[in-house]
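Worksheet for the structure shown next.
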Amino acid sequence: MRLQNLHSWGISIKEAKVVQKSLSERIVKYDSFSEVKTVAGLDIGFHGDVARASCAVFSYPDCILIEEKVYDGRVNFPYIPGFLSFREIPVLASVLEMVETEPDVLIADGQGIAHPRRLGLASHLGVLADKPTIGCAKSILIGRCEEPGNEKGSYTYLIDREEVIGVCLRTRSGVKPVYVSIGNKISLESAREVVLNCCKKYRLPEPIRWAHKLASN
DNA sequence: GCGACAG
DNA sequence: ATCTTGTCGC
């Protein structure tokens with residue numbers, strides 16, 4: 001057996017890199033939607049062998065739960081920094097097929113273009129689904145940034161190779177910031193605005209918080 | 001070669 | 001991601 005190709009996608013890391021570079025060229029970095037009325041949060045939780053993918057659709061900007069779905073499946077691609085999407089997209093795609101409410105924007109728990117080859121989970125998902133997506137991560141994968149102000153809403157730019165790849169956003173006063181980046185079909189400004197408006201009482205946006213609960217219960 | 005490294 | 005109770009601080 002070939003130890004390098006034991007993944008569901010049937011590809012090696014080397015080939016995955018080629019796929020990432022290719023798909024990253026398809027990312028649309030400006031707003032490509034009319035109005036945001038619904039936002040969906042996506043996440044995955046692991047329970048031994050099963051991976052529970054979840055999707056929570058909320059109204060925007062009120063943030064009222066509209067629909068929730070979970071899908072139990074398995075992942076066969078290991079977690080390798082820089083290749084998270086190859087591990088999570090299969091089950092996320094399955095749970096998305098169950099959703100009846102068509103979300104205007106998807107928020108993924110991870111990076112968008114704030115990635116070595118500019119194709120983090122949110123971007124990969126956005127290109128395949130051809131939908132607006134936002135990457136909202138709890139920590140940095142790549143890039144550097146200054147510490148933003150202490151008040152909710154303040155932010156600084158996340159930079160890599162002289163390029164702005166996202167923002168470090170304070171979603172709640174006095175609390176550790178999150179990292180927001182373009183996934184697909186949305187501008188960095190709009191991505192930041194949507195995430196901030198979805199943060200009501202906690203650090204993470206409501207759709208992500210709810211999806212997180214669904215995936216872990 | 002060494003250190004970093006989303007979830 | 002996941003294993004896990006109490007504890008420090010506003």
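Annotations for the structure displayed:
- Gyration tensor verdict on region A:1-114 (Cα atoms; rounded if a/c is under 1.5, prolate if a/b is larger than b/c, oblate otherwise): oblate
- Between A:Arg161 and A:Tyr202, the simple label model (points 7 Å from Cα in the Cβ direction) yields a spacing of 3.6 nm.
- With 26 Å as the limit on Cα-Cα distance, the pairs of A:Lys17/A:Lys200; A:Lys138/A:Lys201; A:Lys21/A:Lys200; A:Lys21/A:Lys213 that go past it are A:Lys17/A:Lys200; A:Lys21/A:Lys200; A:Lys21/A:Lys213.
- Under 16 Å of direct C-alpha separation, and excluding same-chain neighbours fewer than eight residues apart, A:Lys185 reaches these lysines: A:Lys29, A:Lys37, A:Lys131.
- Spin-label proximity, A:Glu100 to region A:33-63 - amide N less than 17 Å from point 7 Å beyond Cα toward beta carbon: A:55-59
- Magnitude of the charge dipole for region A:13-216, about its Cα centre and with charges confined to Cβ atoms of Lys, Arg (+1) and Asp, Glu (-1), is about 600 debye.
- Coupling constants for region A:105-113 follow from the phi torsions by the Karplus curve (6.51 cos²θ - 1.76 cosθ + 1.60, θ = phi - 60°), and in residue order they are 9, 10, 10, 9, 7, x, 8, x, 8 Hz; glycine and proline get x.
- Cα gyration tensor category, rounded, prolate or oblate, for region A:131-211 with a/c compared to 1.5: oblate
- Spin-label model, A:Arg26 to A:Ser216: label points 7 Å out along the Cα-to-beta-carbon direction sit 3.4 nm apart.
- Taking the accessible area of region A:42-103, probe 1.4 Å, and keeping the other protein chains in place, the carbon and sulfur fraction comes to 52%.
- Of the GluC sites (Glu not before Pro) found in region A:104-185, those that fall in a DSSP loop while having at most 12 other beta-carbon atoms within 10 Å are A:Glu146, A:Glu151, A:Glu162.
- Label-point separation in nm, A:Val18 to A:Glu147, each point 7 Å along Cα→Cβ: 4.5 nm
- Net length gained if the chain between A:Ile11 and A:His47 were fully extended (0.36 nm per residue, minus Cα distance): 10.4 nm
- Distance from region A:120-161 to region A:8-26 (C-alpha centre basis), Å: 21 Å
- Cα shape, region A:13-216, gyration tensor, a/c 1.5 rule: rounded
- Taking a Cβ cut-off of under 9 Å around A:Tyr71, the surrounding Lys, Arg, Asp and Glu residues balance to a net charge of 0, with basic ones at +1 and acidic ones at -1.
- Each DSSP beta bridge with both residues in region A:7-158 is either parallel or antiparallel, and the antiparallel ones are about 70%.
- When the charge dipole of chain A is built from unit charges on Cβ atoms (+1 for Lys and Arg, -1 for Asp and Glu) and taken about the Cα centre, the candidate among A:Val75, A:Ser54, A:Ser34 whose Cα reaches farthest toward its positive end is A:Val75.
- Contour excess over end-to-end distance, with Cα ends at A:Ser154 and A:Glu189 and 0.36 nm allotted per residue: 11.3 nm
- Length released on extending from A:Tyr79 to A:Phe33, taking residue separation times 0.36 nm less the Cα-Cα span: 13.3 nm
The values are calculated or read from the model by the stated rules, or taken from the named source; none is laboratory data. All figures in this text were calculated on a predicted structure; none of them were measured in a lab. All Cβ positions, glycine included, derive from the backbone under ideal geometry; neighbour counts span all protein chains shown. The protein model used for the area step is the full one, side chains on, heavy atoms only, and it has no ligands, DNA or RNA in it. Shrake-Rupley method; radii C 1.70, N 1.55, O 1.52, S 1.80 Å.
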